[in-house]
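To start, the structure itself, in structure tokens.
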Amino acid sequence: MKRQKNVLETIHMIDKEKLDIRTITMGISLMDCIDGDGEKARQKIYDKITRYAENLVKVGNQIETEYGIPIINKRISVTPISLIAGASSDTDYVAYARILDKAAREVGVNFIGGFSALVQKGFAKGDRILIDSIPQALSETERVCSSVNLASSKAGINLDAVAQMGKIIKETAVLTKDNDSIGCAKLVVFANAVDDNPFMAGAFHGVGEPEAVINVGVSGPGTVKRALEKVKGQPIQEVSENIKKTAFKITRAGQLVGNEVSRRLDVPFGILDLSLAPTPEVGDSVARIFEEIGLGAAGAHGTTAALALLNDAVKKGGIMASSSVGGLSGAFIPVSEDEGMISAVQNGALTFDKLEAMTSVCSVGLDMIAIPGDTPDTTISGMIADEAAIGVINNKTTAVRVIPVQGKDVGDTAEFGGLLGYAPILPVSKFSSADFINRGGRIPAPIHSFKN
Amino acid sequence: MEGKGIITVVGKDKVGIIYSVTRVLAENNVNVEDISQTILQDYFTMMMMVNLSSVSCEFNKLQEILEDLGKELGLSIRIQREEIFNYMHEI
């Protein structure tokens, strides 16, 4: 009878509560593809990716069938291209993005991450060229994702990079203006980026990672919400307890899938990222969990506390379930990708400032937020600086993925389609950040970074 | 194929459900190791543990056959490998 209950519960979680494995992401090192001749390097990159990931989609589909749990995305992350391309004499890296796009298409993955640079302490030659190439690269390719890490608790905040990324985001928005500036949805700016994140747009294969690795990202906000319906009105620790138990089950499903993929592809299993990743579909929302906990809408006073509890309980449940937890692991709060968040913005409950406060306790940051197309680049840089400061001071990953939607303003809605969803344009501060950003230089690392 | 599968049949009760399902399993050389059934809120729920070690077709083929049978009988029939349930509910 107990077994029957368990089986039915699992089936219910998958069918009705949209439990799924959000992504299996194969990390591939491109270190051995470095070549002084860019053309040769790109050929090596293409050959290596298509060889390693040849069966990724096939095996993912097999496992989905056999275990009856949907695996939504199969993806690839690679070594930051700035490190690979830097050895060549190329002065523009768009061709590297094109080859990544081609390889992704060939093996059938929907995104490939790693058109990236790590500049938290300063720019190397390859970093500068890569960052300059981002707008063109994202406008010319379909599946390539780009990220830039520009701050860390150890190094501080590279304000020159902060200033530049404001401009790069604007340029990317302009070049992809015909599709509601969708290029910016594939570009994320990080503080304390992690080496083993399986989620896009920020996935890249860190330099300390092995030759190839399988990282898995789970999901399941719907399942958490449903579990909380059983403890309505009970003291808040019951909420935490329930989230933990649910996170445990979700994580175990992810662990099983990760082990199987790894075994069948003969690629080591890296980490399980136990983030609650929402989608724009009804019943798959993190924001609706806040409502279940007792808030009128995401953004009401108390939301930050509820999110802190949620994030912590998810980690606690997940840690028990898997011995290789990593990545970002927590609750994601993207706006356009979460039906409940979109609705909270539409009815005025959720503002940009509240989102910023929430990022101090969530697992990432300001994510998939559509802002007016005429927002100055220095204002975007100001957002990046704030977010980086939250990450650097709190020893956590933070990120900014905002979309200054060209030709649209507050009152309009941006449509990105698919899992990227849609978002009403959020108003931002009208006051200037320009003189602060234009100072340039580096905000020193905080005092608590000196732990050696 | 190694291992065990769990078949779940959910839907409105009628004559011959077990017969139809086990006939398909026998045709594909799948041994039934355990069956339990119950009526939950008017819904017939049957669970079978089956051994897949000598199944005569591919897993996805068997799944297709069972799904087709489900459509024919107006029931939901699914087969999943056993590990997913063990993993999620046992430490």
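The values are calculated or read from the model by the stated rules, or taken from the named source; none is laboratory data. Quantities reported herein were computed from a predicted structural model and do not represent experimental measurements. All Cβ positions, even for glycine, are placed from backbone atoms using ideal geometry, and neighbour counts span all protein chains on display. Surface areas here come from the heavy atoms of the whole protein model, side chains and all, with no ligands, DNA or RNA. Shrake-Rupley method; radii C 1.70, N 1.55, O 1.52, S 1.80 Å.
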Checklist outcome for this item: Taking the stretch B:59-85 and the residues there that are more than 10 Å from every other protein chain (Cβ to nearest Cβ) and either in a strand (DSSP E or B) or among the aromatic types (Phe, Trp, Tyr) (or both), the one that is surrounded by the fewest Cβ atoms within 10 Å (Cβ to Cβ) would be B:Leu75
Checklist outcome for this item: Of the residues in the stretch A:257-305, those that are open to solvent by 10 Å² or more (accessible area, probe 1.4 Å) and in a helix (DSSP H, G or I) come to A:Asn259, A:Glu260, A:Ser262, A:Arg263, A:Arg264, A:Leu265, A:Arg288, A:Glu291, A:Glu292, A:Ile293, A:Thr304, A:Ala305
Checklist entry - For the stretch A:362-402, which residues satisfy the criterion of being under 28 Å from A:Gly417 (Cα atoms) and aliphatic (A, V, I, L, M)? => result A:Val364, A:Leu366, A:Met368, A:Ile369, A:Ala370, A:Ile371, A:Ile380, A:Met383, A:Ile384, A:Ala399, A:Val400, A:Val402
Checklist outcome for this item: Apart from one, (1) more than 14 Å from chain B (Cβ to nearest Cβ); (2) open to solvent by 20 Å² or more (accessible area, probe 1.4 Å) all hold for A:Lys58; the odd one out is (1)
Next on the checklist: Among the residues of the stretch A:314-341, what is the count of those that are aliphatic (A, V, I, L, M), in contact (Cβ under 8 Å) with a residue 40 or more places away in the chain, assigned to a helix (DSSP H, G or I) and surrounded by fewer than 23 Cβ atoms within 10 Å (Cβ to Cβ)?
Outcome noted: 1
Checklist entry - Which of the residues belonging to the stretch A:50-87 are touching a strand residue (DSSP E or B) at 6+ places or on another chain (Cβ under 9 Å), of a type in the set (Lys, Arg) and closer than 23 Å to B:Arg78 by Cβ? => result A:Lys74
Checklist outcome for this item: Reported set for the stretch A:76-93 where residues are farther than 17 Å from A:Tyr52 by Cβ and open to solvent by less than 10 Å² (accessible area, probe 1.4 Å) is A:Pro80, A:Ser82, A:Ala85, A:Ser88, A:Tyr93
Checklist entry - In the stretch A:401-446, what residues are basic (Lys, Arg), assigned to a loop (DSSP other than H, G, I, E, B) and surrounded by fewer than 21 Cβ atoms within 10 Å (Cβ to Cβ)? => result A:Lys430, A:Arg439
Next on the checklist: Return the residues of the stretch B:33-58 that are surrounded by 14 or more Cβ atoms within 10 Å (Cβ to Cβ), within 11 Å of another protein chain (Cβ to nearest Cβ) and not in a strand (DSSP E or B); say none if nothing qualifies.
Outcome noted: B:Leu52
Item to check | Number of positions in the stretch B:5-32 that are open to solvent by less than 20 Å² (accessible area, probe 1.4 Å) and either touching a strand residue (DSSP E or B) at 6+ places or on another chain (Cβ under 8 Å) or closer than 19 Å to A:Asn6 by Cα (or both) | outcome: 10
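For (1) out of contact with any Gly (no Cβ under 9 Å at 6 or more places or on another chain); (2) touching a residue at least 12 places away in the same chain (Cβ under 8 Å); (3) more than 22 Å from A:Leu366 (Cβ to Cβ), each residue gets a yes or a no:
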position: A:Glu140; (1), (2), (3): yes, yes, yes
position: A:Arg143; (1), (2), (3): yes, yes, yes
position: A:Met165; (1), (2), (3): yes, yes, no
position: A:Ala173; (1), (2), (3): no, yes, no
position: A:Asp178; (1), (2), (3): yes, no, yes
